[in-house]
Every structure is written in C-alpha cells, then in structure tokens.
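Please treat every number below as a calculation from the coordinates, not as lab data. This is a predicted model, so every value here is computed, not measured. Please note: Cβ atoms are built from the backbone with ideal geometry, for glycine as well, and neighbour counts cover all protein chains shown.
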Amino acid sequence: MKQKGQKSQTIGLVLSTVPRYSETFFRNKIKGLQNHGFKVILFVDYYKKEDSNFSCKIVSASNYNNSRFINFWNSFVALSKSVFVHPKRSLKLFQLNKKDHISFKDNLKQIIINEFFLSEQVDWLHFGFGMLAVNRENVAAAIKAKMAVSFRGFDLYLSPLKHKNCYNILFKKDIRYHVLSQEMKHDLMKYKVQENQIKVITPAINTEFFQTEKSPHKSKHLQLVTVARQHWKKGFIYTLEALACLKQNDIDFHYTIIGGGIEQERITFAAYQLGILENITFTGKLPQEEVKATLLQSSIFVQYSIQEGFCNAVLEAQALGLLCVVSNAEGLAENVLNGITGWVVPKREPIQLAQKIMEILNLPEEQKQEIRNVAIERVKKEFNLEKQQEKFVRFYQN
C-alpha cells in the first residue's frame, strides 16, 4: 500500500482495447497498482459499451474506421480540441515531432489521432506493447509525463520485420523499457538502448488458484497438453511431427490443445497427414477453471514455440506439477530451467523433442517427482502476483 506522506501517482496505461476477462496480466497489474495507492487511467484505441464497468477510468480514441464523412468530422473535432482546448500541449507535440523530422502532413495526422491523450494529467504514460508507441513517441513529453514501453515478444522480434525501421525514433528516446526476460533485455540492447533503461519483470500467475493437493495424473496413455492460441509462432507443426515419431515408436499417447486461433485448419490437416489426428483433441478456448481441470488430467506439458516472450501457461503447468518440455525460444529457457524444473529442447528439432519425451518417460519416478517439486516451489516463490506487483511499484517510483 501507499506509504504515509507519499504522493499518489497516476499511471496512464495504453492498450488497443480494454483487457478481456482472459487477459489476466493487465487486469492483475491494474488491480495491483490500485492496491498500492496508484491511480490508473486506461487509454484505448477501441472501446465498447460493455467496457464501461471496468475498474478504472477509460479514455478512448475517436473511431476512424467509418465513412469518409464521419472520419472527416472526427478529425475536425479532434483538431479543433487540439487548437482550442489544449493548445500548449498540441504545440509542444508538434515541435517535438518536427525535431524528429516528421513531415508536416504526418505531424498533423499524429496530433489528430493522439488528441485523446492531451486532456489527461498522468505521471507516467506506459505503452503496453511496443507497436502502440509508434507514432506516439513524443506524446508523453508533450503532456509532461514520463514514458515507458513494454515489449512482450512478438512486438520486439516480429514487428520490425513487418514494419521496417518502425522503432527508429522510439529507440532514440530517453525512456524506460519493461521486458519479460533477460534474453529480451540483451536483444533490446542490440538496438543501442542503454542497459539502465531496461527493467526485467517476468510474468506472474495466481499461485493460489494454480495449486493442487492431488498427486500427478497416472493413465495407461501418455497425456500431453498445450495451452496456446493456434498461431504459427507456437510451433504446433513441429510438435505434431515429434508426436508422429512417438507413434512410430509404439508409444500410446493423447494430445490436447487448449485455445483457439487462425491456424486450426492447418494444424488439423497436418495431424491428419502425419496419421495422428485420432490422438488429438482440440478444445477451443476454455474458462480458467476448465483449463486447470484439463491440466490436472495430463502429465506432460509441451510448449514448443518458435517465438515466445515468456509464457504464463508454462508457469501454470509447473505450478500444478506437470512435467514441462519447452523450446529454447527467447524467455522459455528462463521460464523452465533445463534438467532442474523441466526440459529445454532446441526449437525446430522435432526428432530431438520426441527423443526428450521418450527419455522423460523412462526416468525413475523419484527423479520426476523431484523435478515437479522444485518447479512448484520456484513458481510459488519467484512468479507470484505479489512479487510482480512490488516490482512494478519500484519501476514507477525509482
């Protein structure tokens, strides 16, 4: 909680939308900051009426996905507010953008689309993903706030490939960065970002919810599970190729995939071609209680991603005592300690993944139980919500 005599700070958190029920990270962060005496204002690009009961003030951008007339009108209103309601901040934003060699046309456009920030008083303006700060690099300075940006994986590794030089202006700014792992910190430093600008704060989970008194699940069949959206970066095709190797070695298994996504057709067809479709269940998205129940019916959790910032689902699986096998993509090798709390296999090596799963099956039960115990205790100690919230408090206070 806030200490006596300590000034309460206001944190402006910038996201695309109001966090849904399943987006526990942002909801937990907002709740944790409020519990520590901070005021939180949520800035979003898209707003729905059902979001009105959210736990903090919401400030939304104008909608520019309408007809040409409505877009023109919204632009006129935003520009009028910029000129007549907060002229000093608008002028400051224009001058800072000009200093960064932004053209007059693009400068005017930025003032219009970012007008909704200019009326609020915040101590920090924290962009929840890297790409949300693009074309907004000077907004915080214009409203006399400190600026922070979180990188979570996709935005650091893939966005620069899709949008060349997208962070050129951002990385020249004297701001604070939040990343999920030491690996991400080192990769961010390759862009000439100073080490003292970067803070590693890992994801955290509700360790009270993700715990059980039950012993590990035992079944005649090997029960494997993954909790992830069905996206190419999650490495499902490589996972299926590894499972096909298990089948060729007469290992009886069942694999459950929890989560929806755009790649299900591709994944389904790959499983069919590999001859393992009958061994797989696609559950789609599930409520948290059902996710936990399904995990408790499994014995090995697989997260064989090509790219992964850290992955809460792996923490949840470890907390419940599942044996976890992950790839070495970014933060996964810090999430799971190889040979200590689980196993790390080089990505894009499905034969090695299959071999590792077969090795785990042949381990003495005492050794497997020791790994489970160490993983459970480590998650409880290092990845609980209270510890994460304290780190964010220090992030804003230092």
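Going through the cross-link list Lys105/Lys192; Lys220/Lys247; Lys31/Lys146; Lys164/Lys192; Lys162/Lys233; Lys88/Lys144, which pairs have a Cα-Cα distance over 19 Å in this structure? Intermediate values should be presented prior to the final figure.
On the way: Lys105/Lys192 29 Å; Lys220/Lys247 15 Å; Lys31/Lys146 21 Å; Lys164/Lys192 17 Å; Lys162/Lys233 14 Å; Lys88/Lys144 11 Å.
Lys105/Lys192; Lys31/Lys146, as the Cα separations exceed 19 Å there.
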Per-residue ellipticity at 222 nm for the chain, helices alone: DSSP H runs ≥ 4 residues times -39500 (n - 2.57), over residue total, nearest 500 deg cm²/dmol?
-12000 deg cm²/dmol
Which residue fluctuates most in the GNM of the chain (Cα springs below 10 Å): Gly130, Gly339, Gly12?
Gly339
Please state the Cα pair-distance histogram of the chain with 20 angstrom bins from zero: what percent is in each bin?
25, 51, 22, 2
What aspartates and glutamates does Lys391 reach when the alpha-carbon gap must be under 13 Å and sequence neighbours fewer than 8 apart in one chain are set aside?
Glu382
For the residue pair Asn65 and Gln121, what label-to-label distance in nm results when each label sits 7 Å from Cα along the Cα-to-beta-carbon direction?
3.4
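Could you tell me which GluC sites (Glu not before Pro) in segment 211-287 are loop residues by DSSP with no more than 13 other beta carbons within 10 angstrom of their beta carbon? Please report the intermediate quantities before stating the final value.
Working: sites: Glu213, Glu241, Glu263, Glu265, Glu278; in loops: Glu213, Glu263.
Filter output for segment 211-287: Glu213.
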Å³ per residue enclosed by the Cα convex hull of segment 222-382:
98
Peptides ranked, highest mean first, by Cβ atoms within 10 Å: ranges 330-337, 199-206
330-337, 199-206
Once both label points are put 7 Å beyond Cα along the C-beta direction, the Gln197-Leu91 separation in nm becomes 2.9
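Averaging sequence separations of C-alpha pairs under 8 Å and six or more residues apart, then dividing by the length of the chain, give the relative contact order as a whole percent. Mind showing how you got there, number by number?
Values: 662 pairs, mean separation 52.6, N = 398.
13 percent.
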In segment 154-176, which residues have a backbone nitrogen under 18 Å from the label point lying 7 Å from Trp232's Cα in the Cα-to-Cβ direction?
154-164
How much length is gained on full extension from Gln397 to Lys39, taking 0.36 nm per residue of separation minus their Cα-Cα distance?
127.5 nm
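If we sort 67-79, 296-308 on the protection proxy, mean other Cβ atoms within 10 Å, highest first, what's the order? Can you show the working numbers first?
Working: 67-79: 13.0, 296-308: 22.6.
The most tightly packed comes first, giving 296-308, 67-79.
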Length added when fully stretched, Glu23-Thr281, from 0.36 nm per residue minus Cα-Cα
90.5 nm
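Could you put Leu361, Leu180 in order, starting from the residue whose Cβ has the fewest other Cβ atoms within 10 Å? Don't jump to the answer; show the numbers that get you there.
Working: Leu361 15, Leu180 24.
By the 10 Å Cβ count, ascending, the order reads Leu361, Leu180.
Relative contact order of segment 222-382, please, whole-number percent, based on alpha carbon pairs below 8 angstrom and at least 6 residues apart.
Working: 280 pairs, mean separation 38.2, N = 161.
Once normalised by length, the contact order is 24 percent.
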Take the Cβ-Cβ distance between Phe84 and Asp187 as r, set R0 to 25 Å, and report the resulting FRET efficiency rounded to the nearest 0.05.
0.05
The set of residues whose placed amide H lies less than 5 Å from the amide H of Ile41, leaving out same-chain residues fewer than 5 positions away, is Ile11, Gly12, Leu13
What's the extension gain from Asn249 to Lys99 if we count 0.36 nm per residue and subtract their Cα-Cα distance?
47.6 nm
As an exercise, use a Förster radius of 41 Å and the Cβ-Cβ distance of Gln369 and Tyr46 to find the FRET efficiency, rounded to the nearest 0.05.
0.30
Distance from a point 7 Å along Cα→Cβ of Lys109 to each backbone N in segment 135-172: keep the residues under 20 Å and list them by number.
135-140, 159-171
